[in-house]
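Asks: First, the structure itself, so that you have it in front of you.
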Amino acid sequence: MQLETYISDLLYRYECVTIPEFGAFLTQRASATIDDATNTFYAPSKSISFNEQIQTNDGLLAHYIADIEKIPFEAATKKIEKRVKLLKSYLTQGETLTFKNIGDIVLNKEGKILFDPTYQLNYLTDSFGLSQLVSPNITRVVYKKEVEDIEKVVPITITTEKRKSRPYLKYAAVALIALTLAGLGGSKFYVDDIKNHNQLAQEEAENIMDTKIQQATFNLNPIPAITLNVSKQTGNYHVVAGAFRVEENCNKKIKQLRAKGYKARKIGVNRYGLHEVAYGSYETRWEARKALGVIKKTHNKDAWLKAD
(Lines give C-alpha, C1' and ligand atoms only; values in the text may rest on other atoms or scores of the structure.)
Protein backbone atom coordinates (compact mmCIF):
# COMPACT_ATOMS: atom_id res chain seq x y z
CA MET A 1 0.00 0.00 0.00
CA GLN A 2 1.43 3.35 -1.06
CA LEU A 3 0.44 5.23 2.09
CA GLU A 4 2.38 8.39 1.13
CA THR A 5 0.38 8.67 -2.12
CA TYR A 6 -2.94 8.76 -0.24
CA ILE A 7 -1.57 11.28 2.27
CA SER A 8 -0.28 13.49 -0.55
CA ASP A 9 -3.72 13.47 -2.20
CA LEU A 10 -5.42 14.53 1.02
CA LEU A 11 -2.96 17.36 1.76
CA TYR A 12 -4.37 19.28 -1.22
CA ARG A 13 -7.78 19.44 0.46
CA TYR A 14 -7.21 19.25 4.22
CA GLU A 15 -5.03 21.05 6.75
CA CYS A 16 -4.49 17.94 8.90
CA VAL A 17 -4.00 14.33 7.76
CA THR A 18 -3.57 11.92 10.67
CA ILE A 19 -1.89 8.51 10.59
CA PRO A 20 -3.47 6.72 13.56
CA GLU A 21 -1.00 5.77 16.33
CA PHE A 22 1.85 7.48 14.44
CA GLY A 23 1.33 11.24 13.96
CA ALA A 24 -0.20 13.89 11.74
CA PHE A 25 0.93 16.00 8.79
CA LEU A 26 -0.18 19.63 9.13
CA THR A 27 -0.35 22.32 6.44
CA GLN A 28 -0.42 26.10 6.77
CA ARG A 29 -0.78 28.72 4.06
CA ALA A 30 2.45 30.62 3.24
CA SER A 31 2.66 33.86 1.27
CA ALA A 32 4.66 34.33 -1.93
CA THR A 33 8.39 34.81 -1.32
CA ILE A 34 11.45 36.17 -3.11
CA ASP A 35 14.94 34.70 -2.80
CA ASP A 36 17.20 37.75 -3.04
CA ALA A 37 20.31 35.61 -3.53
CA THR A 38 19.02 33.82 -6.65
CA ASN A 39 16.38 36.38 -7.81
CA THR A 40 13.77 33.61 -7.64
CA PHE A 41 10.07 34.30 -7.10
CA TYR A 42 8.02 31.56 -5.36
CA ALA A 43 4.23 31.39 -5.57
CA PRO A 44 2.03 31.15 -2.44
CA SER A 45 2.10 27.64 -1.03
CA LYS A 46 1.35 25.41 1.94
CA SER A 47 4.10 24.77 4.47
CA ILE A 48 4.11 21.21 5.85
CA SER A 49 4.96 20.12 9.41
CA PHE A 50 4.62 16.90 11.40
CA ASN A 51 3.25 16.46 14.93
CA GLU A 52 3.68 13.07 16.58
CA GLN A 53 1.34 14.04 19.46
CA ILE A 54 -1.74 13.91 17.19
CA GLN A 55 -2.45 10.20 16.80
CA THR A 56 -6.22 9.86 17.29
CA ASN A 57 -7.93 8.17 14.36
CA ASP A 58 -10.30 10.73 12.81
CA GLY A 59 -11.27 8.33 10.02
CA LEU A 60 -10.16 10.63 7.19
CA LEU A 61 -7.29 8.52 5.89
CA ALA A 62 -9.12 5.19 6.37
CA HIS A 63 -12.26 6.44 4.57
CA TYR A 64 -10.16 7.69 1.66
CA ILE A 65 -8.28 4.38 1.31
CA ALA A 66 -11.53 2.43 1.55
CA ASP A 67 -13.07 4.57 -1.19
CA ILE A 68 -10.06 4.32 -3.52
CA GLU A 69 -9.40 0.59 -3.06
CA LYS A 70 -13.12 -0.32 -2.82
CA ILE A 71 -12.70 -2.13 0.50
CA PRO A 72 -14.57 -1.90 3.83
CA PHE A 73 -13.57 0.77 6.33
CA GLU A 74 -12.42 -1.86 8.84
CA ALA A 75 -10.12 -3.45 6.26
CA ALA A 76 -8.59 -0.05 5.45
CA THR A 77 -8.03 0.57 9.16
CA LYS A 78 -6.21 -2.76 9.55
CA LYS A 79 -4.02 -1.94 6.54
CA ILE A 80 -3.02 1.33 8.17
CA GLU A 81 -2.24 -0.41 11.49
CA LYS A 82 -0.05 -2.93 9.71
CA ARG A 83 1.79 -0.16 7.84
CA VAL A 84 2.31 1.86 11.05
CA LYS A 85 3.94 -1.11 12.81
CA LEU A 86 6.34 -1.46 9.89
CA LEU A 87 7.15 2.28 9.90
CA LYS A 88 7.89 2.25 13.64
CA SER A 89 10.21 -0.72 13.25
CA TYR A 90 12.14 1.10 10.51
CA LEU A 91 12.51 4.16 12.76
CA THR A 92 13.77 2.17 15.74
CA GLN A 93 16.40 0.60 13.48
CA GLY A 94 17.70 4.07 12.64
CA GLU A 95 16.36 4.21 9.10
CA THR A 96 14.94 7.34 7.45
CA LEU A 97 11.31 7.20 6.33
CA THR A 98 10.84 8.98 3.01
CA PHE A 99 7.31 10.11 2.19
CA LYS A 100 7.42 11.00 -1.51
CA ASN A 101 6.64 14.68 -2.24
CA ILE A 102 6.10 15.28 1.50
CA GLY A 103 9.35 14.88 3.44
CA ASP A 104 11.66 12.65 5.47
CA ILE A 105 11.14 11.40 9.04
CA VAL A 106 13.92 10.13 11.32
CA LEU A 107 14.53 9.60 15.05
CA ASN A 108 17.15 11.73 16.82
CA LYS A 109 19.41 10.58 19.65
CA GLU A 110 16.74 11.38 22.24
CA GLY A 111 14.18 9.24 20.41
CA LYS A 112 12.14 12.17 19.13
CA ILE A 113 10.81 12.33 15.59
CA LEU A 114 12.39 14.89 13.25
CA PHE A 115 10.64 15.93 10.04
CA ASP A 116 12.30 17.59 7.05
CA PRO A 117 9.82 18.74 4.34
CA THR A 118 10.83 18.45 0.69
CA TYR A 119 8.73 21.29 -0.84
CA GLN A 120 8.67 19.45 -4.18
CA LEU A 121 4.92 19.92 -4.58
CA ASN A 122 2.81 22.99 -3.96
CA TYR A 123 -0.28 21.74 -2.11
CA LEU A 124 -2.05 25.11 -2.33
CA THR A 125 -4.73 24.69 -5.00
CA ASP A 126 -5.04 28.47 -5.43
CA SER A 127 -1.50 28.44 -6.87
CA PHE A 128 -2.20 25.67 -9.37
CA GLY A 129 -0.21 26.25 -12.57
CA LEU A 130 2.11 28.83 -10.97
CA SER A 131 5.76 27.85 -11.02
CA GLN A 132 8.85 29.55 -9.62
CA LEU A 133 10.25 32.40 -11.71
CA VAL A 134 13.90 33.44 -11.94
CA SER A 135 14.40 37.07 -12.88
CA PRO A 136 17.62 38.22 -14.61
CA ASN A 137 19.84 40.63 -12.75
CA ILE A 138 18.96 44.28 -13.22
CA THR A 139 22.06 46.34 -13.94
CA ARG A 140 21.91 50.03 -13.25
CA VAL A 141 24.48 52.48 -14.72
CA VAL A 142 25.45 55.26 -12.32
CA TYR A 143 26.66 58.40 -14.05
CA LYS A 144 29.17 60.44 -12.08
CA LYS A 145 29.15 64.16 -12.79
CA GLU A 146 32.54 65.75 -12.43
CA VAL A 147 32.86 69.50 -12.11
CA GLU A 148 36.06 71.03 -13.38
CA ASP A 149 37.40 74.53 -13.94
CA ILE A 150 36.07 76.43 -16.92
CA GLU A 151 39.56 76.73 -18.37
CA LYS A 152 39.97 72.92 -18.39
CA VAL A 153 36.53 72.14 -19.77
CA VAL A 154 36.39 74.85 -22.43
CA PRO A 155 39.94 75.92 -23.36
CA ILE A 156 40.05 79.19 -25.31
CA THR A 157 43.00 79.65 -27.69
CA ILE A 158 42.83 82.57 -30.11
CA THR A 159 45.69 83.22 -32.50
CA THR A 160 46.38 86.48 -34.36
CA GLU A 161 45.11 85.13 -37.66
CA LYS A 162 41.93 83.82 -36.07
CA ARG A 163 41.26 87.23 -34.51
CA LYS A 164 41.25 88.70 -37.99
CA SER A 165 39.07 86.03 -39.53
CA ARG A 166 36.81 85.47 -36.51
CA PRO A 167 36.52 88.65 -34.45
CA TYR A 168 33.39 87.36 -32.68
CA LEU A 169 35.48 84.84 -30.71
CA LYS A 170 37.18 87.70 -28.90
CA TYR A 171 33.86 89.09 -27.73
CA ALA A 172 32.66 85.63 -26.77
CA ALA A 173 35.75 85.09 -24.63
CA VAL A 174 35.35 88.49 -22.96
CA ALA A 175 31.66 87.75 -22.27
CA LEU A 176 32.51 84.36 -20.82
CA ILE A 177 35.15 85.79 -18.49
CA ALA A 178 32.78 88.57 -17.43
CA LEU A 179 30.02 86.08 -16.63
CA THR A 180 32.45 83.94 -14.66
CA LEU A 181 33.66 86.91 -12.59
CA ALA A 182 30.11 88.06 -12.00
CA GLY A 183 29.13 84.59 -10.91
CA LEU A 184 32.07 84.38 -8.52
CA GLY A 185 31.26 87.81 -7.12
CA GLY A 186 27.58 86.90 -6.66
CA SER A 187 28.52 83.57 -5.09
CA LYS A 188 30.83 85.27 -2.61
CA PHE A 189 28.11 87.74 -1.66
CA TYR A 190 25.60 84.90 -1.25
CA VAL A 191 27.99 82.83 0.89
CA ASP A 192 28.79 85.83 3.10
CA ASP A 193 25.08 86.49 3.52
CA ILE A 194 24.49 82.86 4.57
CA LYS A 195 27.35 83.01 7.07
CA ASN A 196 25.90 86.18 8.64
CA HIS A 197 22.45 84.60 8.79
CA ASN A 198 23.81 81.41 10.39
CA GLN A 199 25.79 83.42 12.93
CA LEU A 200 22.70 85.40 13.96
CA ALA A 201 20.64 82.20 14.17
CA GLN A 202 23.29 80.54 16.33
CA GLU A 203 23.44 83.53 18.69
CA GLU A 204 19.66 83.50 19.01
CA ALA A 205 19.65 79.74 19.68
CA GLU A 206 22.32 80.18 22.38
CA ASN A 207 20.25 82.91 24.06
CA ILE A 208 17.18 80.67 24.06
CA MET A 209 19.24 77.78 25.47
CA ASP A 210 20.61 79.99 28.25
CA THR A 211 17.07 81.04 29.14
CA LYS A 212 15.91 77.39 29.24
CA ILE A 213 18.86 76.42 31.44
CA GLN A 214 18.11 79.25 33.86
CA GLN A 215 14.46 78.25 34.05
CA ALA A 216 15.44 74.63 34.66
CA THR A 217 17.90 75.76 37.38
CA PHE A 218 15.74 78.20 39.30
CA ASN A 219 12.26 76.84 38.62
CA LEU A 220 13.33 73.18 38.88
CA ASN A 221 11.26 72.27 35.85
CA PRO A 222 11.49 68.56 34.94
CA ILE A 223 13.66 67.65 31.96
CA PRO A 224 11.57 66.45 29.00
CA ALA A 225 11.49 62.68 28.67
CA ILE A 226 13.52 61.07 25.91
CA THR A 227 11.65 58.70 23.64
CA LEU A 228 13.69 55.82 22.24
CA ASN A 229 12.42 54.09 19.13
CA VAL A 230 13.17 50.40 19.53
CA SER A 231 12.76 48.35 16.39
CA LYS A 232 10.41 45.42 16.86
CA GLN A 233 11.36 42.11 15.34
CA THR A 234 8.99 41.21 12.52
CA GLY A 235 8.58 38.44 9.97
CA ASN A 236 6.14 35.71 9.03
CA TYR A 237 8.70 32.89 9.14
CA HIS A 238 9.86 31.63 12.54
CA VAL A 239 12.54 29.16 13.63
CA VAL A 240 10.79 27.47 16.55
CA ALA A 241 12.81 26.28 19.56
CA GLY A 242 9.96 24.46 21.29
CA ALA A 243 6.34 24.47 22.46
CA PHE A 244 5.39 24.41 26.15
CA ARG A 245 2.19 23.59 27.98
CA VAL A 246 3.22 25.74 30.98
CA GLU A 247 3.89 29.40 30.16
CA GLU A 248 6.51 29.67 32.92
CA ASN A 249 8.65 27.09 31.10
CA CYS A 250 8.20 29.14 27.95
CA ASN A 251 9.59 32.25 29.70
CA LYS A 252 12.56 30.28 31.06
CA LYS A 253 13.40 29.05 27.57
CA ILE A 254 13.33 32.62 26.23
CA LYS A 255 15.77 33.78 28.93
CA GLN A 256 18.13 30.90 28.17
CA LEU A 257 18.15 31.63 24.43
CA ARG A 258 18.58 35.38 24.89
CA ALA A 259 21.53 34.72 27.18
CA LYS A 260 23.13 32.87 24.25
CA GLY A 261 22.60 35.81 21.90
CA TYR A 262 19.38 34.76 20.13
CA LYS A 263 16.48 37.18 19.62
CA ALA A 264 14.09 34.73 21.21
CA ARG A 265 10.45 35.63 21.77
CA LYS A 266 6.97 34.20 22.11
CA ILE A 267 5.06 33.77 18.85
CA GLY A 268 1.75 32.84 20.43
CA VAL A 269 -0.26 29.80 21.39
CA ASN A 270 -0.83 27.17 18.72
CA ARG A 271 -4.03 25.28 18.06
CA TYR A 272 -3.06 22.66 20.64
CA GLY A 273 -2.73 25.17 23.49
CA LEU A 274 1.08 25.12 23.55
CA HIS A 275 3.15 28.29 24.01
CA GLU A 276 5.66 28.46 21.16
CA VAL A 277 9.13 30.03 21.48
CA ALA A 278 11.10 31.14 18.42
CA TYR A 279 14.85 31.67 18.03
CA GLY A 280 13.98 34.53 15.69
CA SER A 281 11.57 35.71 13.00
CA TYR A 282 12.41 36.43 9.36
CA GLU A 283 10.83 38.24 6.43
CA THR A 284 11.56 35.57 3.80
CA ARG A 285 11.45 31.78 3.76
CA TRP A 286 15.03 31.70 2.42
CA GLU A 287 16.37 33.62 5.43
CA ALA A 288 14.42 31.42 7.85
CA ARG A 289 15.60 28.15 6.27
CA LYS A 290 19.20 29.40 6.27
CA ALA A 291 18.96 30.26 9.99
CA LEU A 292 17.27 26.91 10.70
CA GLY A 293 20.16 25.03 9.10
CA VAL A 294 22.71 26.85 11.27
CA ILE A 295 20.68 26.32 14.47
CA LYS A 296 20.24 22.60 13.78
CA LYS A 297 23.99 22.17 13.30
CA THR A 298 25.14 24.29 16.24
CA HIS A 299 22.44 24.31 18.90
CA ASN A 300 19.20 22.33 18.48
CA LYS A 301 18.55 19.50 16.03
CA ASP A 302 14.86 19.52 17.00
CA ALA A 303 14.18 23.09 15.85
CA TRP A 304 11.63 23.51 13.06
CA LEU A 305 10.29 26.14 10.67
CA LYS A 306 6.86 27.72 11.02
CA ALA A 307 5.14 30.23 8.73
CA ASP A 308 2.25 32.54 9.72
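Asks: Once amide H atoms are built 1.01 Å from N in the peptide plane, which residues 5 or more positions from Ala30, or in another chain, come under 5 Å H to H?
Replies: Amide H neighbours of Ala30: Ser45, Lys46, Ser47.
Asks: Between Glu52 and Glu283, what FRET efficiency follows from the Cβ-Cβ distance if R0 is 25 Å, with the result rounded to 0.05? Show your work: numbers first, answer last.
Replies: Working: r = 30 Å, r/R0 = 1.20.
Efficiency at R0 = 25 Å is approximately 0.25.
Asks: What ranking do 55-63, 16-24 get when scored by the average of other Cβ atoms within 10 Å per residue, highest first?
Replies: Details: 55-63: 15.6, 16-24: 19.7.
Final packing ranking: 16-24, 55-63.
Asks: Continuing with the same structure: Sorting check: for 286-299, 41-54, 245-258, which peptide has the highest mean count of neighbouring beta carbons within 10 Å, and how do the rest follow? Before the final figure, lay out the partial values.
Replies: Details: 286-299: 15.9, 41-54: 18.2, 245-258: 13.7.
Put in order of decreasing packing, that is 41-54, 286-299, 245-258.
Asks: Return the subset of Lys263/Lys297; Lys85/Lys112; Lys112/Lys255; Lys260/Lys306; Lys253/Lys301 for which the Cα-Cα distance in this structure is over 20 Å, preserving the input order. Write down the numbers at each step before the final one.
Replies: On the way: Lys263/Lys297 18 Å; Lys85/Lys112 17 Å; Lys112/Lys255 24 Å; Lys260/Lys306 22 Å; Lys253/Lys301 16 Å.
Long pairs (Cα-Cα over 20 Å): Lys112/Lys255; Lys260/Lys306.
Asks: Here is a further query. Taking all protein chains in place and a 1.4 Å probe, what share, in percent, of the accessible surface of region 1-92 do carbon and sulfur account for? Walk me through the intermediate numbers first.
Replies: On the way: 2530 of 4860 Å².
Of the solvent-accessible surface of region 1-92, carbon and sulfur hold 52 percent.
Asks: Using a 7 Å offset from the Cα along the Cα-to-Cβ direction at both Thr5 and Leu130, what is the distance between the two label points in nm, to one decimal?
Replies: 3.0 nm
Asks: Given a 1.4 Å probe, how much area per residue of region 55-109 is accessible, in Å²?
Replies: Averaged over the residues of region 55-109, the accessible area is 62 Å².
Asks: Just to verify a number: FRET efficiency for Tyr12 and Glu69, C-beta to C-beta distance, R0 = 22 Å, to 0.05?
Replies: On the way: r = 19 Å, r/R0 = 0.87.
The computed FRET efficiency comes out at 0.70.
The values are calculated or read from the model by the stated rules, or taken from the named source; none is laboratory data. All values reported here derive from a predicted model rather than from experimental measurement. Glycine also receives a Cβ, built like all others from the backbone with ideal geometry; neighbour counts cover every protein chain displayed. The accessibility values were calculated without ligands, DNA or RNA, using every heavy atom of the protein model including side chains. Shrake-Rupley method; radii C 1.70, N 1.55, O 1.52, S 1.80 Å.
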